[in-house]
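Novice: One structure, pasted below without further comment.
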Amino acid sequence: MTDLEIVRIPALSDNYIWLVHDPVSGKTMVVDPAEAAPVLAETDRRGWRIGQIWNTHWHPDHTGGNAAIKEATGAIVSGPAAEAARIPTLDVALSEGDSVRLGDHLATVLETPGHTAGHIIFHLPGDAVVFTGDTLFAMGCGRLFEGDAGQMFANMQRLADLPPETIVYCAHEYTQSNGRFALAAEPDNDATRERMEAVDAARARCEATVPTTIAEELATNPFLRADSAEQLRQRRMAKDAFRG
Ligand code: ZN
Ligand code: FE
């Protein structure tokens, strides 16, 4: 169990920004700041100072707050080396196997191309935490804008190999629409049906449905559960066209 304090900050229409504080070192970082204002308001309120920004990919709904947070705090921005040209605020370029740290908390970088060509995720094995950006969502995966199903299938296999208790912090509240598709893809999956009841109830109360866990995703996520790249490709295409 991690002693990190991980705060969920809703932003834009359905993004989640994750603000992470290590109480031992007093250090604070933020993952994928879509915008700066709500993040700076939260750190002011808590008396924290952001020292780092970790980006999973270049999309503006993940990097839009970089410049203003850097200006306000002097934070160092770490993100995918392969997308350095598209993240002008980048200071530290990360590739597969690199590590970044917050105090004594070590994160390993995994390259997970597919949603974008250089997408990375941050796995903190000692904390049993992974920040998955737009690669893995609750009951879903990222759209394939710059990659293919073979790459995303490989990503899913790597995520499936993480310890099942690993807590998954993804970047969007897409769970309800993902779950509707998951039920269409696997109508006989009782775990998905049960989960969707809880998700519908939570959303009716305007509550968040993330973080999730690798174990929950192994039971209900039709992309993590795809048995081949071809099945993932078919499910991804069906989801893109799905109106549930
Ligand atoms: Zn994205
Ligand atoms: Fe996004």
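Novice: List every residue whose amide H lies under 5 Å from the amide H of I17, counting only residues 5 or more places away in sequence or on a different chain, with H placed 1.01 Å from N in the peptide plane.
Specialist: Answer set, sorted by chain and number: I9, A11.
Novice: Take every Cα-Cα distance within the stretch 187-244, group them into 10 Å bins from 0 onward, and report for each bin the whole-number percent of pairs it holds.
Specialist: Result returned by the calculation: 20, 44, 33, 3.
Novice: Hey, another quick one. Neighbouring Cβ atoms within 10 Å as the yardstick, rank L224, L12 fewest first.
Specialist: Details: L224 22, L12 14.
Listing L224, L12 from fewest to most nearby Cβ atoms yields L12, L224.
Novice: If I fit a long axis through the Cα atoms of helix 175-185 and take the longest principal axis of the Cα atoms of the chain, what angle between them do I get, 0 to 90°, rounded to 10?
Specialist: 30
Novice: Name the long-range amide H neighbours of I53: under 5 Å, sequence gap of 5 or more, or other chain; modelled H, no Pro or chain starts.
Specialist: For I53, the qualifying residues are V30, I76, V77, S78.
Novice: Based on the mean of other Cβ atoms within 10 Å per residue, sort peptides 44-56, 192-204, 171-183 so the most packed one is first.
Specialist: On the way: 44-56: 18.9, 192-204: 15.2, 171-183: 22.3.
Packing order, densest peptide first, comes out as 171-183, 44-56, 192-204.
Novice: Then there's this: Using only the Cα atoms of the stretch 5-241, what semi-axes does the equivalent ellipsoid have when each is the square root of 5 times a gyration tensor eigenvalue? Give whole Å, largest first. Let's see the in-between values first.
Specialist: Working: eigenvalues 163, 77, 51 Å².
Taking √(5λ) for each eigenvalue gives 29, 20, 16 Å, largest first.
Novice: Expressed as cubic angstrom per residue, what is the convex hull volume of the alpha carbon set of the stretch 121-244? Display every interim value, and only then the final one.
Specialist: On the way: hull volume 12.1 nm³, N = 124.
Spread over its residues, the Cα hull of the stretch 121-244 gives 97 Å³ apiece.
Novice: If you don't mind, there's one more thing I want to ask. Counting other Cβ atoms within 10 Å, which GluC sites (Glu not before Pro) in the stretch 68-101 have at most 16 and lie in a DSSP loop?
Specialist: Values: sites: E71, E83, E96; in loops: E96.
Listed in order of number, the matching sites are E96.
Novice: Additional query: So what are the ³J(HN,Hα) numbers for the stretch 220-234, from phi and the Karplus equation (6.51, -1.76, 1.60; θ = phi - 60°), rounded to whole Hz, Gly and Pro as x?
Specialist: 10, 8, x, 8, 5, 8, 4, 8, 7, 4, 5, 5, 4, 4, 5
All of the numbers you see were taken from the coordinates with simple rules; none came from a lab. From a predicted model like this one, the values you see are computed outputs, not experimental measurements. Every residue, glycine among them, receives a Cβ derived from its backbone with ideal geometry; neighbour counts consider all protein chains shown.
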